[in-house]
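To start, the structure under review is shown below, and the notes come after it.
The values are calculated or read from the model by the stated rules, or taken from the named source; none is laboratory data. Quick caveat, the model's predicted, so the values are computed rather than measured. Don't worry about glycine lacking a Cβ; one is built from the backbone with ideal geometry, like all the others, and counts go over all protein chains shown. We work out accessible area using only protein heavy atoms, side chains counted, and drop any ligands, DNA or RNA first. Shrake-Rupley method; radii C 1.70, N 1.55, O 1.52, S 1.80 Å.
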Amino acid sequence: MNISAGVAPALASALENRGYDKLTAVQAAVLNPDLTTSDLLVSAQTGSGKTVAFGMAMAPTLLSQAERFSKPDAPLALVVAPTRELAMQVKREFDWLFAPAGATVLACVGGMDIRAERRGLERGAHIVVGTPGRLRDHI
């Protein structure tokens, strides 16, 4: 599938900048127009592009029809990951994927400075990625 078909324009730009010339099977599947209002459960091999697929599936809801995010009043999305390593992977992928749209992505994970995370939350983030324990600490 061509990367511009069904992908938010800002994300299509990010994908092209990363050298994508076509989507993986899982990425194409989450863009199926019949699934836009559905909850998705995705299972695929490591390295299949699931993290980017989740970002692409979230983008239309987060951006609506806008090309860029406005200043965040409160997080628009919360991604809960079971481990610090997975949360940091999701943050890294979302950083480049949502960069052309002006997104602020914040990680909240154990082993990091909770005060810096709190300041980041106070400044505002569009997408927060965290582990259950650290998110509970912030709540």
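A few notes on this one:
- For region 111-139, a tally of residues being open to solvent by 30 Å² or more (accessible area, probe 1.4 Å) and either touching a residue at least 60 places away in the same chain (Cβ under 8 Å) or not in a helix (DSSP H, G or I) (or both) returns 4.
- ALA107 falls short on exactly one of the conditions (1) of a type in the set (A, V, I, L, M); (2) assigned to a loop (DSSP other than H, G, I, E, B); (3) crowded, with 21+ Cβ neighbours inside 10 Å, and that condition is (2).
- Single condition LEU23 does not satisfy, out of (1) in contact (Cβ under 8 Å) with a residue 40 or more places away in the chain; (2) out of contact with any Leu (no Cβ under 7 Å at 6 or more places or on another chain): (1)
- Residues of region 80-103 that turn out to be in a loop (DSSP other than H, G, I, E, B) and surrounded by fewer than 18 Cβ atoms within 10 Å (Cβ to Cβ), as a count: 3
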